[in-house]
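Please read the structure below before turning to the comments.
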Amino acid sequence: MNHKMLKTISCGVLPLMTLAIVASTATGAEYYLRAEAFTKNLPDPSGVGTIPVPMWGFALDDSFEGLELQAVSVPGPRLTVPAGDTTLTIHLDNNLSVPISIMIPGQITTKTPVFFTDGQGRQRVHSFTHETLAGNGTMVDYTWTGLEPGTYLYLSGTHPAVQVQMGLYGGVTIDAAAGEAYAGVTYDAEVMLLYSEIDPALHAAVDDGSYGTTGPTSTVDYNPKYFLINGEPYTSATLPMSAGAVGNRVLLRFLNAGLQTHAPNLLGMYMSVIAEDGNVYNFPKGQYSLTLPAGQTKDAIVTPSADGAYPLIDRRSDVTNAGGFSLGGMVRFLEVAP
Amino acid sequence: MGGNENNQEAHGLLEYGIMRTHLHSRGTQFAVAVTAALALFAADAYAVIDGLTGSTFTLSANDGYVLGGDGLSIYTWGFANDTGPMQYPGPTLIVNQGTVITIFLKNYLPEPVSIVFPGQEGVTATGGVAGQLTQEAPADNGATTVEYQFQASEPGTYHYHSGTHMDLQLEMGLVGAIIVRPTEFPVDQWAYNHADSAYDHEYLFLLTEMDYDVHLMAEFGLWDQIDTTTFHPVYWFINGRNFPDTTLPSGTPWLPNQPYNCLPRMHPGERLLLRIIGGGRDLHPFHPHGNNTTVIAKDARLLQSPLGTGADLAYSDYTIASLPGQTVDAIFEWTGAQLGWDVYGHAPGDPMEPFEYAPDHGKPFPVILPGQQELTFGGVYSGSPFLGAAGDLPPGEGGLNVYGGFMYPWHSHAENEIVNNDIFIGGMLSLLIIEPHGTPIP
Amino acid sequence: MKRIRPYHLLSLLMCFGVSVLPTSADIFSQCPTDTDGIDTDGDGDAANDHVCMHVTAGDGFVNMADGRLMYMFGFHDVTGLPDADVMADGMLGAEFPAPTIEVSEGQKLYLSLSNVGMMVRPDLFDPHTIHYHGFPEASAIFDGVPGASVSINMGSTITYFYNNVEPGTYMWHCHVEVTEHMQMGMLGNLFVHPIQNNLPNLTDLNGFTHQTGYTYAYNDGDGSTYYDVDYPIQLHSFDPVFHDASFTVQPLPFANMKDTYFMLNGRGYPDTVNTAELLNTADDEGYEARYSQKVHSLIEATEGDKILLRISNLSTTNFYTLTTTLGIPMKVIGRGARLLRSASGQDLSFETNALNIGGGEGLDVIIDTTDVGPGTYFLYTTNLNYLSNDTEDFGGMMTEMVIAPLAGAAADEQRSVRLRRVDTTKRIRGGKPLR
């Protein structure tokens, strides 16, 4: 059987793919991101209807404070640095009412943390890197040079306990070469799997201003009710994700923007786990289970020998929508074509 | 076992606890009464992991009660062996590599049930109705039979669990272990087709946990009140039992729905295989006291480099993180080497024990132990710091360490998990016994 | 950072049949003389391989980073104190974490443990033990598990003996009523230096040239675990409801144990970066204020340094995931007090940006700051809701990593300056030089 060596990128429901506005400079990628509040409709646990949950997220713009045509999403738009390139610049427009910032964990850039002084005169960090103030009139840049191939998260480095879980995160990928994730690691198809959680009560408190005042004063009681892959919980309406064809080398990019460890288990097939946080292992690991701690990314290759829909289930039982009848939450089916 | 008893008495006479107020050696008197576990002597020395052998099995999803270590009855769902009693965990299926395995599922529970087999490839399912992940048996009191089939092509440690309404049914107890024997077995007592996986004793550690509130609501049919996003476990199990029940014999009559135990035992110099299965939804840091273990396989695959053979990527650790859904195979060894004192309490002229570390032979105990009044004695302490020996114990103590072995807790190091619903001690804990040579171990 | 200093008792004879018989219950530390004539730790002196330490076990208080006073149990260093003074100094002297135990491969540790009782809870008569977590080929008697051996009652001393033959990062804690005693804080850092540190100057290690003063995490044979500075980082967390119940003589809520104070080396941020020893406010409760938190977590290094983090988790409830904002990977070179190298020599080390650690797990992580610019970075948990001191925001499991510039000097010159500070004449016999 002949297979088309397609490079299919499957990212679930995202308004924009990498086909969209990427202004590639000679030295890398450049993006205009806008941070904004929005409302996301999540399934009611009864299985009927939806519940609106206030969120923060990123949108992809084509310029700073231009037409702002693109919608905000969680996760934010996927950023792609052209294969072999090493530079990424993000121009940030902050339409939220608090300062934010952007970090890519594991990738180096100059950081100038922002501190404040607490009631006892002790210095505490507010942002791990320089901030973009609320409603900034001039764009603030975040630049990385010397980026290494890999799968990464980008997320806010400001008041991280609150801002990341509100939705300020997304994925970044850089390939070593076309169709080659790392040197010598080729792939024919790709599946992006970004895990995250939502605690609706905490979102409501942040949104209505009671967080830090009359409501919770820390996130210690974080208690997520929704569990997302690529921004959506599983429902009976969720379509399978295209995962190449029989005989393909399919790259599974796992990212965890949540605050808790997740444990994807793949049924019917073994994975070869090859890297974490963009660092290739000395030896790949043959497993059907994966541990995905908070903030980590992992890359795995599967080479299906049979077509079909392979279930990928979070074995931490984060497979309901706010306690409703499962399956929900962190479940997907990887569809391999014949 | 007359010869063995003589050996034990000889060991006993050799010991002398160096107490501050007792300066002479003491004779020993071993309690003749042995616990039922130690008296069992199975004819087949390999069959310490209890389970069902063969290639065709019938599993009935049924409900019943298990006993928590605190004595509370917990309403539970489990797989039964055909018409037998519901059990938790489900029957351990011990099969041979290359065999086609057929499992018939019948369902006596109030909602549909199915079975999935992580780590198995090419699983087919026929009968029943199409479910979320695979064919399901409806809640029709056993009228429908679903047939699952797969070839157990690779040896190792696996598990099976419900594939329907997973968050609830896994919590309720629908999980069990699968062991695939390599083609080398039983000629070679190996877990995989390589000597790196050779063992003298093998034990199963199927780790699970329970949120009692969910079981209570299920017992009273309050299905719509169950919210598994508020997970609050209060019971932790190894092979379906809480400590101290883990140390009771398998098949204990008053634990009719919890047939499996967990009491690992070995002699110095032997290799003990741990088959650890993350059967629940939580991570558990499993800490075997006594020595590091060598992890040789995960998810039923030897840790092997692409060009290597055997477990050439095996590594040593003192705590094994058990991850949900993952299986780990590890080898534990102990000889007491390099302690700097003779762990048997020998005089320099005494004969060597098997695997004894020669440079420490005859070296004296390094400190003066406090007197009896200054110490609190452990329930399984023999009274002597030496292996195979017994010593002075206060009145009322003793009798639980018949052979003078060294006992080590093997337990979850998230210590809130070694509790039975607010009562310390319990939960995910058992005891390794390093028995002196000559002690029978089934 | 507070380290236990060893103490050598010349007056005790250790042999069969001859012993000083103390009066019944008594504080009685032991430190036998090293008479075997063998230089087991490789430092050139055959008579200094015995390292003696003495700790007490009892209760005390610590303050959380939000100021809240917590009743706790813990260990306290009384090494060098006459036995007659130990009870008085130990009572209410509990520290969190416990004093760091730092020894070297080939050294024999005599660790005396004296139980000074619980001053705030005179109704409790808990015995105590020491569990040297990860000690290889452990014997039951010195493993510290009360049910399988013995534990020491109030007013008395037991001496543990450990022949340290495996270098690496371990931890230690009480194992009596372990869920309670560990939640209450009876735990600390422990590590063993490899004998490779004592090689003669200019020894060739497969292409890497050893120099006197160079330090390694393991006997790597090739310098691959060389480091310039090392920091033990122990993870733990408190449940204030549990501690308050202990203080107010209430039943202990095991089933509802929920930690809300998340700490590194016994402190939440920003106390993690306060390099001073912290005085508790036990006087608010009518007790004597004591210095009970003596281990900070501020990580300081110079550009180009290799930092070794000795990370252990002794939380009774949670796994934690740690990361840094350095932007460079952390290299895990050891775990479970073993070099990550297979028996056949395969390199099992790996680079990562997030370390997931469960209770009882230990990791050795090297960070090479060569490409990191000077500045202030952060080591923190990606379980971001644990960046809390209970209901206080901007706290929890975080510390700072301050990378100083070379300030014009070449990296080699900086290193030799650091080496000159390691003056062997200042070494305590059998111990590591004081920082």
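Go through (1) within 25 Å of A:PRO149 (Cα to Cα); (2) in a strand (DSSP E or B); (3) within 12 Å of chain C (Cβ to nearest Cβ); (4) in contact (Cβ under 8 Å) with a residue 60 or more places away in the chain and name the single condition A:VAL191 misses.
That leaves (3) as the condition not met.
Would you please name the residue that is surrounded by the most Cβ atoms within 10 Å (Cβ to Cβ), looking only at residues in the stretch B:126-162 that are touching an Asp or Glu at 6+ places or on another chain (Cβ under 8 Å) and closer than 22 Å to A:GLN287 by Cα?
B:THR157
Report, ordered by the first and then the second residue, all pairs with beta carbons closer than 9 Å, sequence separation of six or more or different chains, a first member in the stretch A:324-338 that is of a type in the set (Lys, Arg), and a second member that is assigned to a loop (DSSP other than H, G, I, E, B) and crowded, with 18+ Cβ neighbours inside 10 Å.
Between residues of the stretch A:324-338 that are of a type in the set (Lys, Arg) and residues that are assigned to a loop (DSSP other than H, G, I, E, B) and crowded, with 18+ Cβ neighbours inside 10 Å, the close pairs are A:ARG332/A:GLY12; A:ARG332/A:ASN230.
Given the criteria in contact (Cβ under 8 Å) with a residue 12 or more places away in the chain, of a type in the set (Phe, Trp, Tyr) and touching a helix residue (DSSP H, G or I) at 6+ places or on another chain (Cβ under 9 Å), does C:TYR170 qualify?
Considered against the rule, which asks whether it is in contact (Cβ under 8 Å) with a residue 12 or more places away in the chain, of a type in the set (Phe, Trp, Tyr) and touching a helix residue (DSSP H, G or I) at 6+ places or on another chain (Cβ under 9 Å), C:TYR170 comes out as no.
Looking at B:ASP245, B:ASP299, can you tell me which residue is over 16 Å from the mean Cα position of the chain (by Cα) and charged (D, E, K, R)?
Values: B:ASP245 fails: over 16 Å from the mean Cα position of the chain (by Cα).
Being over 16 Å from the mean Cα position of the chain (by Cα) and charged (D, E, K, R) holds for just one of B:ASP245, B:ASP299, which is B:ASP299.
Restricting to the stretch A:225-255, what's the tally of residues that are within 24 Å of B:GLY163 (Cβ to Cβ), surrounded by 24 or more Cβ atoms within 10 Å (Cβ to Cβ), more than 12 Å from chain B (Cβ to nearest Cβ) and touching a Gly at 6+ places or on another chain (Cβ under 9 Å)?
Final tally of qualifying residues: 3.
Which one of the conditions (1) surrounded by fewer than 24 Cβ atoms within 10 Å (Cβ to Cβ); (2) assigned to a loop (DSSP other than H, G, I, E, B); (3) within 14 Å of chain A (Cβ to nearest Cβ); (4) over 25 Å from the mean Cα position of the chain (by Cα) does B:ASP224 fail to meet, given that it meets all the rest?
Failing condition for B:ASP224: (2).
Examine the stretch B:330-337 for a residue that is more than 28 Å from B:ASN193 (Cβ to Cβ) and among the small types (Gly, Ala, Ser), and state whether such a residue exists. Working first, answer last.
So the first thing to find is which residues in the stretch B:330-337 are more than 28 Å from B:ASN193 (Cβ to Cβ), and the list is B:336-337.
Going one step further and asking which of them are among the small types (Gly, Ala, Ser), we end up with B:336-337.
Yes - at least one qualifying residue is present in the stretch B:330-337.
Could you list, in sequence order, the residues of the stretch B:166-207 that are more than 14 Å from chain A (Cβ to nearest Cβ) and polar (S, T, N, Q)? Please lay out each step first, then the result.
Within the stretch B:166-207, the first condition is being more than 14 Å from chain A (Cβ to nearest Cβ), and the residues that meet it are B:176-177, B:179-191, B:193-206.
Those that are more than 14 Å from chain A (Cβ to nearest Cβ) and polar (S, T, N, Q): B:THR183, B:GLN189, B:ASN193, B:SER197.
Determine which member of the set C:ALA25, C:ALA47 is of a type in the set (Gly, Ala, Ser), touching an Asp or Glu at 6+ places or on another chain (Cβ under 6 Å) and either closer than 27 Å to C:ARG310 by Cβ or at pLDDT 95 or above (or both). Working first, answer last.
Working: C:ALA25 fails: either closer than 27 Å to C:ARG310 by Cβ or at pLDDT 95 or above (or both).
When all the criteria are applied, what remains is C:ALA47.
Being among the hydrophobic types (A, V, I, L, M, F, W, C), under 20 Å from the mean Cα position of the chain (by Cα) and more than 19 Å from C:HIS76 (Cβ to Cβ): is that true of C:PHE242 here?
Numbers: among the hydrophobic types (A, V, I, L, M, F, W, C): yes; under 20 Å from the mean Cα position of the chain (by Cα): no; more than 19 Å from C:HIS76 (Cβ to Cβ): yes.
Judged against the criteria, C:PHE242 is not a match.
Hey, B:TYR408 hits all of (1) over 29 Å from B:GLY68 (Cβ atoms); (2) surrounded by 22 or more Cβ atoms within 10 Å (Cβ to Cβ) but one; which does it fall short on?
Result: B:TYR408 fails condition (1) only.
All but one of (1) surrounded by fewer than 21 Cβ atoms within 10 Å (Cβ to Cβ); (2) within 11 Å of chain B (Cβ to nearest Cβ); (3) of a type outside the set (D, E, K, R) hold for C:LEU202; state the number of the condition that does not hold.
(2)
Return only the number of the condition from (1) more than 21 Å from B:LEU323 (Cα to Cα); (2) touching a residue at least 60 places away in the same chain (Cβ under 8 Å) that A:GLY308 does not satisfy.
Evaluating A:GLY308 over (1) more than 21 Å from B:LEU323 (Cα to Cα); (2) touching a residue at least 60 places away in the same chain (Cβ under 8 Å) leaves (2) as the failure.
Please specify each residue of the stretch B:314-343 satisfying the condition of being touching a Pro at 6+ places or on another chain (Cβ under 8 Å) and either over 20 Å from C:GLY358 (Cα atoms) or more than 7 Å from every other protein chain (Cβ to nearest Cβ) (or both).
Scanning the stretch B:314-343 gives B:ILE320, B:SER322, B:PHE332, B:TRP334, B:THR335, B:GLY336, B:GLN338, B:GLY340, B:TRP341, B:ASP342.
For the stretch B:283-309, give me the residue count where each residue is in contact (Cβ under 8 Å) with a residue 12 or more places away in the chain and more than 9 Å from chain C (Cβ to nearest Cβ).
Within the stretch B:283-309, the first condition is being in contact (Cβ under 8 Å) with a residue 12 or more places away in the chain, and the residues that meet it are B:283-303, B:309.
Now restrict to residues that are more than 9 Å from chain C (Cβ to nearest Cβ): B:288, B:295-302, B:309.
Total satisfying the criteria: 10.
Quick check on my filter: what residues within the stretch B:187-208 are more than 24 Å from B:SER430 (Cα to Cα) and crowded, with 22+ Cβ neighbours inside 10 Å?
Matches in the stretch B:187-208: B:TYR192 only.
Would you list the strands (runs of 3 or more DSSP E) that sit entirely within the stretch A:103-169 and hold 2 or more residues that are in contact with a Phe, Trp or Tyr (Cβ under 6 Å, 6 or more places away or on another chain) and more than 11 Å from every other protein chain (Cβ to nearest Cβ)?
Numbers: elements: A:114-117, A:123-127, A:140-144, A:150-155.
Passing ranges: none, list empty.
All but one of (1) part of a loop (DSSP other than H, G, I, E, B); (2) of a type in the set (S, T, N, Q); (3) buried (at least 21 other Cβ atoms within 10 Å of the Cβ) hold for C:ASN219; which doesn't?
Only one criterion in (1) part of a loop (DSSP other than H, G, I, E, B); (2) of a type in the set (S, T, N, Q); (3) buried (at least 21 other Cβ atoms within 10 Å of the Cβ) is unmet by C:ASN219, namely (3).
The values are calculated or read from the model by the stated rules, or taken from the named source; none is laboratory data. Remember, it's a predicted structure, so these values are computed and weren't measured experimentally. With ideal geometry, Cβ positions are generated from the backbone for all residues, glycine too; neighbour counts draw on all protein chains shown.
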